[in-house]
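The values are calculated or read from the model by the stated rules, or taken from the named source; none is laboratory data. Since we're looking at a predicted model, the values are computed, not measured. Here the Cβ positions follow ideal geometry from the backbone for every residue, glycine too, while neighbour counts run over all protein chains shown. These area figures cover heavy atoms from the full protein model, side chains too; ligands, DNA and RNA do not enter into them. Shrake-Rupley method; radii C 1.70, N 1.55, O 1.52, S 1.80 Å.
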Amino acid sequence: MVSQFSNRDQDDSHGNGSLDQSAAHEAEQPLGEELAKGWRTIVPAALAAVPLGLALGVLVVQMGLQWWWAPILSAVVFAGSMEFLLLGLISAVTPLPQVALSALLVNFRHSFYALSFPLEQVHGFGWKLYGTFALTDEAYAVSATPDSHRWSRARIIGLEASFHLCWVACVTGGALLGTLIPPSVKGLDFAATALFVVLGIEGYKAQRSIPVPIVALVCALIGALVSPSNMLVISMALFVCFLIGSYYVRKHKSLGENGRESKENNS
Amino acid sequence: MTNGYILAAILVTAAVTWALRGLPFVMLAPLRNSSLLHYIGEAMPVGVMFVLAAYTLRNTETSLAAIGSVTIALAVTVGVHLWKGNSLLSIFAGTGVYVVLASTVL
């Protein structure tokens, strides 16, 4: 037992030692090394985004936009699933307030990324602005480790910027390829539908709440029946109302249960 | 669909997205403490994605061929995804099937 403990102590001290060393090492790293580290951090996510970016680019052209809108769209919006949706909204000439509301609802999840993203490591107001601008799902996912709060600014900005460049390049490449696809090939816009279905299934796997997808589909159906041109806003508003309502019902229930429990404890 | 409109739509979307990404850093405390916001944040993505999927299909024609093609492509997407769990594979399989059906049958 004693030897085991002492072994562990040695391991711990060794671990701390190497940590300190690596932290000191990181501080000494030249800028290029840190940028390369950022790139290596994001590379798996960037590879996964390549086919999606190409598909989005193809869609830009298929929706009747000039190919050069692809780099503008992908660089300025820089939010994958919203870009797919935005193409549909643009081709339907959706009023701008409705576009804004759609963006708010689709990207609402991003407002929670602030809770764990290591922005405090990104010194300087301008860099912080870019750090938040490029805070995509992917950047959040790869930096959602406790370790990231010791990363350098160059590494964080490096991973965001390299993903940004990669995304713009892929979407632009897709748009140029898209100009080569003959008009007899139809139905590529189904990629957006398939993307949302897959994201929905993935979300469901994490959440495991059976009513939520069903309620969402009912909301969508009501929206489509009430007013097809305002479907998105109506269905999303209904769905958010349902969520707020179900939150208070749950809270009420759990309060009731707690009350009962405390009564039982008292008796 | 003028260039001015397209640019405006892109800028509006970018502004809202950036605000959602940046503003919470300025007001982290209330965000951390609101259990309602946490609940909405957790439950919303699932529902939003299904609403969006339905939205993208809103202009489907009410013919047997059109509805049949969409149904088959959806079944392939969901089926491949539940089978393999690879998002890209599912998207490309579903889209591929739909493109073949839409280009030949419809």
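Please give the calculated 222 nm ellipticity per residue for chain A, where each DSSP H segment of at least 4 residues contributes -39500 (n - 2.57) and the sum is spread over every residue; nearest 500 deg cm²/dmol?
Taken over chain A, the calculation gives -25500 deg cm²/dmol.
Rounding to the nearest 10 and keeping the result within 0 to 90°, find how far the Cα-based axis of helix B:3-26 lies from the longest principal axis of chain B.
50
Using the heavy atoms of the protein chains alone and a 1.4 angstrom probe, what is the accessible area of chain B per residue in square angstrom?
Computed with neighbouring chains in place, this is 48 Å² per residue.
Just checking the output field for A:46-58: average partner chain Cβ neighbours within 10 Å of each residue's Cβ?
Whole-number average of other-chain Cβ neighbours for A:46-58 is 1.
Amide H neighbours of A:Gly187 under 5 Å, counting only residues 5+ apart in sequence or on other chains, H built in-plane at 1.01 Å?
For A:Gly187, whose amide H was placed from the backbone, there are no distant partners under 5 Å.
What does the C-alpha gyration tensor say about the overall shape of the range A:99-234? Classify as rounded when a/c is under 1.5, otherwise prolate if a/b is larger than b/c, or oblate. Intermediate values should be presented prior to the final figure.
On the way: a/c = 2.25, a/b = 1.38, b/c = 1.62.
Judged from the Cα gyration tensor, the range A:99-234 comes out oblate (a/c at least 1.5, b/c at or above a/b).
Looking only at other chains, what is the average number of their beta-carbon atoms within 10 angstrom of each beta-carbon in B:71-82?
Other-chain Cβ atoms within 10 Å of each residue's Cβ, averaged: 3.
At a 1.4 Å probe radius, carbon and sulfur cover how many percent of the accessible area of the range A:43-189?
Using a 1.4 Å probe with all protein chains present, the range A:43-189 comes out at 73 percent carbon and sulfur.
Order A:His252, B:His38 by their accessible area, 1.4 angstrom probe, all chains in place, largest first.
A:His252, B:His38
Am I reading the A/B interface right? What is its buried accessible area, both sides, 1.4 Å probe, to the nearest 100 Å²?
Roughly 7000 Å².
Compute the length gained on full extension between A:Ile244 and A:Ser91: take 0.36 nm times their separation in residues and subtract their Cα-Cα distance, giving the result in nm to one decimal.
Numbers: separation 153, 0.36 × 153 = 55.08 nm, distance 3.21 nm.
Full-extension gain reported as 51.9 nm.
Based on the alpha-carbon gyration tensor of the range B:1-100 and its eigenvalue square roots a ≥ b ≥ c, which shape applies: rounded if a/c is under 1.5, prolate if not and a/b is larger than b/c, or oblate?
oblate
Report, to the nearest whole %, how much of the accessible area of the range B:1-67 belongs to carbon and sulfur atoms, 1.4 Å probe, protein only.
68
Which of the peptides A:230-243, A:176-189 is most tightly packed, and how do the rest follow, judged by the mean count of other Cβ atoms within 10 Å per residue?
On the way: A:230-243: 20.0, A:176-189: 14.1.
Packing order, densest peptide first, comes out as A:230-243, A:176-189.
Within 10 Å of each Cβ of A:228-239, how many other protein chain Cβ atoms are there on average?
Mean shielding count: 3.
With +1 assigned to the C-beta of every Lys and Arg and -1 to the C-beta of every Asp and Glu, and no other charges, what is the dipole magnitude of the protein assembly as shown about the Cα centre in debye, to the nearest 20?
880
Along Cα→Cβ, 7 Å out, is where each label goes; now give me the distance between the ones at A:Asp147 and B:Thr104 in nm to one decimal.
4.9
Please report the net charge: other residues with Cβ closer than 13 Å to the Cβ of B:Tyr98, K and R +1, D and E -1.
0
Between B:Ile72 and B:Leu11, what is the label-point separation in nm under the 7 Å Cα-to-beta-carbon projection?
Here the answer is 4.6 nm between the modelled labels.
Less than 20 Å from a label point 7 Å out along the Cα-to-Cβ axis of A:Trp67: which backbone N atoms in the range A:35-53 qualify, by residue?
Under 20 Å, as judged by backbone N against the label point of A:Trp67, lie A:50-53 of the range A:35-53.
Can you tell me the order of A:53-59, B:26-32, B:88-94 when each peptide is scored by its average per-residue count of other Cβ atoms within 10 angstrom, highest first? Mind dumping the intermediate values first?
Details: A:53-59: 24.6, B:26-32: 11.0, B:88-94: 21.1.
Order by mean packing, descending: A:53-59, B:88-94, B:26-32.
Dividing the alpha-carbon Rg of the protein assembly as shown by 2.2 N^0.38 Å yields what?
That ratio works out to 1.12.
Accessible area per residue for the range A:165-243 in Å², computed with a 1.4 Å probe and the full protein assembly in place, what is it? Working shown, then result.
Details: 3670 Å² over 79 residues.
Result: 46 Å² per residue.
Quickly work out the A:Leu165-to-A:Thr179 label distance, labels modelled 7 Å from Cα along the C-beta direction, and quote it in nm with one decimal.
2.4
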